[in-house]
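Here's the structure we're looking at; comments come further down.
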Amino acid sequence: MRHRHLILLAAPLLASSVALAPAHGAPAGTTGTSEGQQAVKVTKVEVVTLLKSGETVKCNGTPVAMAFDGKITAAGPGTVRYHWTVNTSRARVSPGSLAFGAGASTKVLLQVVDIPAPKNAKAVTGYVTLHLPDQKKSVRSQQVTFPCKK
């Protein structure tokens, strides 16, 4: 009886760990179809700013962390490659890929970036852009501005 009770307690934990497991990207270059063909079709891309403008921050030379969610909705099997850029930089940040199955689904990517906060600055401003090079799509977040504490 005790063994059965432990199994009943463990079942919801196992189910929640499966449901909450983060999406793992497939290796770059894999498409799930023959080379050069992409069965996956991205239907929507958005970037959501997780922190709203107006919150004050310390501007003491230490970077300020800004968080964003990238949401990619796609239909059909295949892999979607992505990377981020920060502000006006062309440097690629956090490149990766996501594998999508046969149906339509949405995957969420958390991106946290450090924006410089120079001493004596009046405010810290930043934004990110999510790029899907194979899909020829790029979506920019709203610009976020944090006033510096005085």
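Throughout, read-outs are computed from the coordinates displayed, never taken from laboratory work. Predicted, not measured: the structure shown is a model, and the values here were computed from it. When we count neighbours, we look across all protein chains shown, and the Cβ atoms used for this are built from the backbone with ideal geometry, even at glycine.
Take every Cα-Cα distance within region 85-150, group them into 10 Å bins from 0 onward, and report for each bin the whole-number percent of pairs it holds.
Reading upward from the zero bin: 16, 42, 26, 12, 4, 0.
Run the count for region 39-150, please: Lys pairs, Cα-Cα under 19 angstrom, 8 or more apart or on different chains.
Final tally of qualifying lysine pairs is 24.
Please list, in order along region 84-95, the HN-Hα scalar couplings obtained from phi with the Karplus expression 6.51 cos²θ - 1.76 cosθ + 1.60 (θ = phi - 60°), rounded to whole Hz, x for Gly and Pro.
Once rounded to whole Hz, the list reads 10, 10, 10, 6, 8, 5, 9, 5, 6, 10, 6, x.
Quick one: length gained pulling residue 114 to residue 89 fully straight, 0.36 nm per residue minus the C-alpha distance?
Fully extending the segment from residue 114 to residue 89 adds 7.7 nm.
Once you place label points 7 Å from the Cα toward the Cβ at residue 46 and residue 138, how far apart are they in nm?
2.2
Where Lys and Arg each count +1 and Asp and Glu each count -1, what net charge lies around residue 146 among other residues with Cβ under 11 Å from its Cβ?
So the environment of residue 146 carries a net charge of +3.
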